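Data block below; observations after.
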Amino acid sequence: MMNAIFYKDLLKKYKIPIFLIGIFLVGLFLRAFKLNVVYITSDDAIGPFEAIRICNRYLFSTDVSNNFFSGIIGFPYGLSIVFHVIVISILQLFHLPITEFALRLPLIIFGSLTSVGVYLFIKQLTQKEYPALFLSSFIAFSCFHVLLSRFNMMSAIVIVFCFSLFGIYFLIKYFKTNRNYFAWLASFFFGFYIVSSLLYPAIIPLIIFVSFIYTNRDKQSFIIRLKESIKRLFKKELIVLPLIFFGSYLLAFMYAFFVRHELTMGFLGRIFSKRGMVKIGFYLPEFMDYMINNYGDWFYFVFIFGIIYGFYCLKKLKTQSILFFWFLVYCAPFILFSGGEQWYLLEGIIPLILFAWLGIFELAGLLTNKYHMLKSYFKLSLFLVLIASFIISVGVILNQPNFKGFLPQATARVFGSVYEGIGDTGVKAAGYFVRKNVLSEQNIFTDLEPVLANLYFNRYILYAQYDATLPQNLEYFEKIQDKVGVIVVNAKDSKLYLEKLKSNVRFFKAAEIICGGRHLIDVYTRDEVKADIIETAKANNLFDREFGWMGKILSRDMKYPQAQAPL
């Protein structure tokens with residue numbers, strides 16, 4: 001009896017830490033379970049590809065544009081490559097193979113840790129327990145965030161958001177308590193925020209706004225209060241902030257101008273460079289279409305309600321307006337000026353989703369105060385949302401790559417279908433076959449994306465095109481077929497390529513790449529051989545066992561294809 005009372009009191013005393021540990025572990029399970037997917041796009045593979053090349057180089061080089069440090073600073077998608085370098089170095093130190101799972105591990109961990117950060121941040125922002133508990137669970141279970149944490153995008157958005165979330169949380173704690181160790185913790189997380197990516201200098205106005213919200217409200221003048229807000233950020237406890245920010249961006253921009261001769265670095269470069277700026281225009285329809293496809297139809301409500309509620313909170317300078325300002329400074333430039341940058345928008349979209357939920361809680365509070373019977377229905381609705389989110393996430397993971405086969409199309413539309421069709425595309429198994437059977441001097445034509453082919457084939461693939469359509473690839477193949485000795489193409493299109501062969505050119509099928517009964521890739525060579533049937537699961541394991549080491553994944557002289565052969 002005494003033991004039961006003791007454990008009951010213990011549970012009551014530590015219920016929140018127990019909840020946070022539990023939600024972290026559940027989130028970890030959802031993000032790590034059955035995570036055996038190979039890289040499927042060049043965007044997915046470019047971080048590991050560049051990191052392995054950097055780790056293969058000498059630490060110092062007389063060529064300023066081609067050494068270890070310039071490789072990290074000059075990576076066009078920010079310093080997120082540092083995480084790959086760290087993981088690769090640790091794996092090689094302990095003589096462990098470099099695998100896609102290992103390189104996704106930071107995303108898995110920080111994606112799970114985000115749910116803990118959401119609880120702490122929302123509780124600090126609103127001083128309310130229930131919204132913090134719900135939103136922490138929602139982020140942990142949400143198919144949107146779970147799949148985002150399972151996919152190794154170059155921008156490492158999950159890591160970026162996690163560090164910025166904890167950084168702002170500790171900054172608020174510092175402003176409210178004036179305890180120096182909170183300032184150092186904030187500086188620590190903001191420092192790693194910069195290391196995780198250079199895409200987002202919008203963190204600077206966001207930090208100023210946070211300081212403005214928590215600066216003495218008795219000061220009537222907006223200018224005086226703003227000056228005081230900025231001044232607080234330059235105290236000795238927080239002096240590391242401007243050093244980290246401006247030092248990192250100065251290095252990046254100097255590299256961009258003096259080595260690359262173009263501003264291509266991060267957020268500003270994406271907007272103002274020739275490649276980043278498509279045209280001046282309003283890209284809201286493109287942005288909304290992307291988010292509906294990835295998040296579900298109810299993002300219309302989240303967006304419209306969030307905007308209305310956001311300006312209401314901004315006008316009154318409520319503490320939760322920090323989330324709305326977060327959305328504005330990260331998303332407005334891309335929505336208004338530059339298209340095709342949807343991945344980078346997510347850093348501002350997650351705060352908007354959290355903010356809209358806070359608005360729903362506030363609206364529900366007004367209704368339940370007036371109509372008490374609605375309170376139990378509201379709680380039940382929230383519980384059902386979490387249950388549905390968990391089931392959807394598990395279902396999508398178990399049924400990859402056939403998401404539509406798991407849910408009716410209408411349901412998938414409502415809940416969203418991030419990375420629909422993600423699965424083993426056979427590229428790694430094809431890479432294993434090429435490494436074992438294709439001589440280095442043989443030219444390869446492939447309709448796979450160039451960075452993927454370079455990574456898995458361990459060679460510079462001259463005859464591959466980035467983001468080419470099927471007609472473009474067929475036209476290109478017709479022109480260069482005399483120069484290639486091996487063809488590696490998607491099985492569903494292989495007959496079309498064979499039909500383009502000239503009368504004096506012959507290729508024979510050398511291998512079929514199969515995954516769970518699905519015919520994925522065909523390999524053709526000029527030599528007639530008995531076609532080999534290769535199952536991806538077996539070939540992928542053999543690839544890791546034989547080639548998962550630094551010196552074998554990529555040769556030291558592997559060069560990144562800056563430009564592909566013209567059409």
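Laid out as a table, the results:
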| item | result |
| --- | --- |
| Phe234 accessible area, 1.4 Å probe, all protein chains in place, Å² to nearest 10 | 110 |
| Leu474 paired with Leu380, simple spin-label distance in nm, labels 7 Å along Cα-to-beta-carbon | 5.7 |
| Solvent-accessible ranking of Trp184, Trp326, Trp298, largest area first, probe 1.4 Å | Trp184, Trp298, Trp326 |
| Packing-based order for 24-31, 94-101, 444-451, using average beta carbon neighbours within 10 Å, highest first | 444-451, 24-31, 94-101 |
| Taking the convex hull of Cα positions in segment 477-536, its mean projected area over all directions (nm²) | 4.0 |
| Cut-off under 5 Å, modelled amide H: who pairs with Glu535 long-range | Ile514 |
| Inter-site label distance for Asn437 and Asp289 at 7 Å from Cα along Cβ, in nm | 4.1 |
| Relative packing of peptides 432-438, 540-546 - highest average C-beta neighbours within 10 Å first | 432-438, 540-546 |
| Amide proton proximity set for Thr425, modelled H, under 5 Å, gap of 5+ | Val38 |
| Across Lys128/Lys176; Lys173/Lys231; Lys128/Lys231; Lys34/Lys436, pairs whose alpha-carbon gap is larger than 23 Å | Lys128/Lys231; Lys34/Lys436 |
| Ordering of 499-511, 367-379 by packing [mean C-beta count within 10 Å, highest first] | 499-511, 367-379 |
| Cα→Cβ-extended label distance, 7 Å offset, between Asp467 and Ile16, nm | 4.7 |
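The values are calculated or read from the model by the stated rules, or taken from the named source; none is laboratory data. Source: prediction; values computed, not measured. Don't worry about glycine lacking a Cβ; one is built from the backbone with ideal geometry, like all the others, and counts go over all protein chains shown. Just so you know, the surface numbers come from the protein's heavy atoms only, side chains and all, with ligands and any DNA or RNA stripped out. Shrake-Rupley method; radii C 1.70, N 1.55, O 1.52, S 1.80 Å.
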